[in-house]
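K.L.:
Following this message is one structure expressed as structure tokens.
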Amino acid sequence: MVSSMPPQPTGRYGLLRIPAPTVASLAIRFSSLANRDDFDPPGWPNIPLTPSAAYPGWWEFDVDAQALPDGAYEYEFVQDGDPTKVRNDPYAGEITRFGYYRGVFHIAGGVRVSPNVRWDAAVEAGAGLAPNNKIVIYEMPLKWMKSASDNQYVDIGTFDEVIFEHLQNLKNLNINCIELLPIEDTSQTLDWGYGTRFYFAPDYDMGGPVDAKFFIKSCHALGIRVILDVVMAFFSPTCPLSDLAAQWFMAPPGENGRNGWGQNLFEYNSPAYGTYYASREFLCQMAEFWVNEYHVDGFRIDDFPDIDNWAFVQEFHDRATAASNAAFPGKPFLVVAENTSRQFVTTGSDPGNPNGQKVVDAIWNFGFQQEVRLLATGTLTTAMGQPSRTQRVSHFLTTEGTWNGWNNSFDPGYADLACAVNYATSHDVQGAPRMMNVILGPMLQNAGLGDGGVSNVKTFMDQTQGSSGTGLIDIAADRIFGVFALILTSVGMPMFLAGEEFGDVHDLDFNATDPKQQDPVQWYRATLPSNEALQMRVGELIKLRTVNPALQRNEINFFYFHPAFDTNDGSWVFAYARTNGAALGSAGQVIVIANVCGQSFPSFAFSNWPWNAQPLTESGTGGGTFSYNAGSNTFILSLNAFEVRVFSV
């Protein structure tokens, strides 16, 4: 009789159940890892798996029934008795590599067990973790967290290296959320990891399950949440599903215009059999597994458009969130989508959504990225018949939706700041490189100091600090601080790429497919004078964002735009306040004054100053002056070109 329960999880850790609907036979072979010195997989005994009576197309093996001695074992399958058809377990929770990859299981007391990790129950309850409206997201390509000592290429960062070399520094920077690029095992050793092979196992090169769990445990102990980037539009051709059950899990290439980027598309639209949608169930179980086993605090869904199935993504969101709520009641959780189509409608209830409900909690705000880069480089120009610069600025810093040059209209907005991830730079630097390259490169060109390219910027950054060149770097760093100021005071969840906090630059071609993925953070630059100063200033802004209630609400009031702000050669100065829901001029508000043009103002005056004589505290001060004239109720400050200053009342 066919069971009404899903075939996975099996209900008992020692029972393996493998999808292989068309094979004639499947056998397991395994050996103790302690016998690696006598490694001979063809010589290991082949033990047949049994076709499942309850789940046609599935094969079963009871590890617990083998009465194995305690220890760790590597295992693999042989299909149809053919020694050339060696297969792996797509549900393997741990892998090893010797010649090629195999799964690992552990035996204690004669039964299969998961390696023990002692979590701190009080910490894992989530009381010390920031809710979504208070987080600052640090996008971390874990492999980039270590560079080779003798060249500029990536040297594959590991969980333990980040724990012992970087985690406390991130805490000192006031970071409270890390978004990890994919850590599920991938066939792409040096690249970002968007070619997942084993969905239930950490990447072999980064460390094992205990290492990954200790990393997350260490983050939580410091009040830092961990969000996993997961790949669900497609899977690597080296994933075991490709050989074992392609007809259940793999969609036709190009289905409905989907792009697999050279990999296998997951099948979401057709059931594998009956009402069982294999891909949907596999990935929802993956989410529940990482929540329960690794205590992750959310997911970032890569390439949402190429999944092309909102009902599945909604189910993924709902099941992952429910798993977290059940295991850790009250602990914050977040599901974010990389939605290049900029569909904020997915973040709220809408009649056009499946079941009329939200599909995800938030999406990356691609429109914000475009607008803030234009503003920071003085290139946010407008044309006749288009919205004014004032309108565009007052949209992209709020929930009202950003200007979309593709369709010449404003995108629909969103209901709450926790629906948007606002950023200027992410891991995908092609066409949107690191901000120091964007700003310092043209400055070097204009000063006749080089072509402003990757090599020029890198050499100037590394070799001129402490000399006459420091001045240009300081100016560029001040402008980068301004970008951070806009991100961290905008109405959204702020995010930035690892290394941006100190103005790291590219060492490799950011527009080339492989080099852009293999260009790690160069941590020595964080100790260079101008870079170190920038990082300290950014840390002050991050602290403000994480502790000031006004920045954790939706209210914003643009109280000033220069009269010439909408002219293409005017004085582009504007100011806004995050009001904390109170009348403009109240205590507890955050004031942002931005000059986004090349003109400097040694003395810029704001008459009828709403906050009167209330004392102000500046975050991340760059040494500029400010004063208040009580007689005329005027606030006066200096504004360098492209400078943004942030005050709290």
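K.L.:
Go through the range 591-633 residue by residue and tally those that are out of contact with any helix residue (DSSP H, G or I) (no Cβ under 8 Å at 6 or more places or on another chain) and open to solvent by 20 Å² or more (accessible area, probe 1.4 Å).
P.N.:
Within the range 591-633, residues that are out of contact with any helix residue (DSSP H, G or I) (no Cβ under 8 Å at 6 or more places or on another chain) and open to solvent by 20 Å² or more (accessible area, probe 1.4 Å) number 28.
K.L.:
In the range 364-389, which residues are in a helix (DSSP H, G or I) and open to solvent by less than 30 Å² (accessible area, probe 1.4 Å)? I'd like the intermediate steps shown before the answer.
P.N.:
Initially, the range 364-389 is screened for residues in a helix (DSSP H, G or I), giving 366-376, 389.
Passing the criteria: 367, 368, 369, 371, 372, 375, 376, 389.
K.L.:
State yes or no: is residue 582 open to solvent by 30 Å² or more (accessible area, probe 1.4 Å), of a type in the set (Gly, Ala, Ser), out of contact with any strand residue (DSSP E or B) (no Cβ under 6 Å at 6 or more places or on another chain) and in a loop (DSSP other than H, G, I, E, B)?
P.N.:
yes
K.L.:
Can you spot a residue in the range 591-603 that is modelled with pLDDT of 95 or more, closer than 30 Å to residue 379 by Cβ and touching a Pro at 6+ places or on another chain (Cβ under 6 Å)?
P.N.:
No - not one qualifying residue is present in the range 591-603.
K.L.:
If you don't mind, there's one more thing I want to ask. Among the residues of the range 53-80, how many are assigned to a loop (DSSP other than H, G, I, E, B), exposed (fewer than 14 other Cβ atoms within 10 Å of the Cβ) and out of contact with any Ser or Thr (no Cβ under 6 Å at 6 or more places or on another chain)?
P.N.:
Residues meeting the conditions: 5.
K.L.:
Considering only residues that are in a strand (DSSP E or B) and under 25 Å from residue 436 (Cβ atoms), which ones fall in the range 600-644?
P.N.:
Hits for the range 600-644 are 601, 618, 619, 638, 639, 644.
K.L.:
For the range 536-557, which positions are touching a Phe, Trp or Tyr at 6+ places or on another chain (Cβ under 9 Å) and open to solvent by less than 50 Å² (accessible area, probe 1.4 Å)?
P.N.:
Of everything in the range 536-557, those that are touching a Phe, Trp or Tyr at 6+ places or on another chain (Cβ under 9 Å) and open to solvent by less than 50 Å² (accessible area, probe 1.4 Å) turn out to be 537, 538, 541, 542, 556.
K.L.:
Let me ask something else about it. In the range 12-44, how many residues are surrounded by 15 or more Cβ atoms within 10 Å (Cβ to Cβ) and under 24 Å from residue 279 (Cβ atoms)?
P.N.:
10
K.L.:
Search the range 52-70 for residues that are closer than 16 Å to residue 23 by Cα and pair each with any residue that is among the hydroxyl-bearing types (Ser, Thr, Tyr) and assigned to a strand (DSSP E or B) when their beta-carbon atoms are under 8 Å apart and the residues are at least 6 apart or on different chains.
P.N.:
56/273; 57/273; 59/50; 60/50; 61/50
K.L.:
When you scan the range 508-537, how many residues do you find that are under 15 Å from residue 436 (Cβ atoms), modelled with pLDDT of 95 or more and of a type in the set (Asp, Glu)?
P.N.:
Summing the residues that are under 15 Å from residue 436 (Cβ atoms), modelled with pLDDT of 95 or more and of a type in the set (Asp, Glu) in the range 508-537 gives 1.
K.L.:
For residue 312, which of the numbered conditions (1) in contact (Cβ under 8 Å) with a residue 12 or more places away in the chain; (2) open to solvent by 40 Å² or more (accessible area, probe 1.4 Å) fails to hold?
P.N.:
Of the numbered conditions (1) in contact (Cβ under 8 Å) with a residue 12 or more places away in the chain; (2) open to solvent by 40 Å² or more (accessible area, probe 1.4 Å), the odd one out for residue 312 is (2).
The values are calculated or read from the model by the stated rules, or taken from the named source; none is laboratory data. The structure displayed is predicted, hence computed values, not measured ones. Backbone-built Cβ (ideal geometry, glycine too); neighbour counts: all protein chains shown. Areas reflect the complete protein model, heavy atoms only, side chains present, ligands, DNA and RNA absent. Shrake-Rupley method; radii C 1.70, N 1.55, O 1.52, S 1.80 Å.
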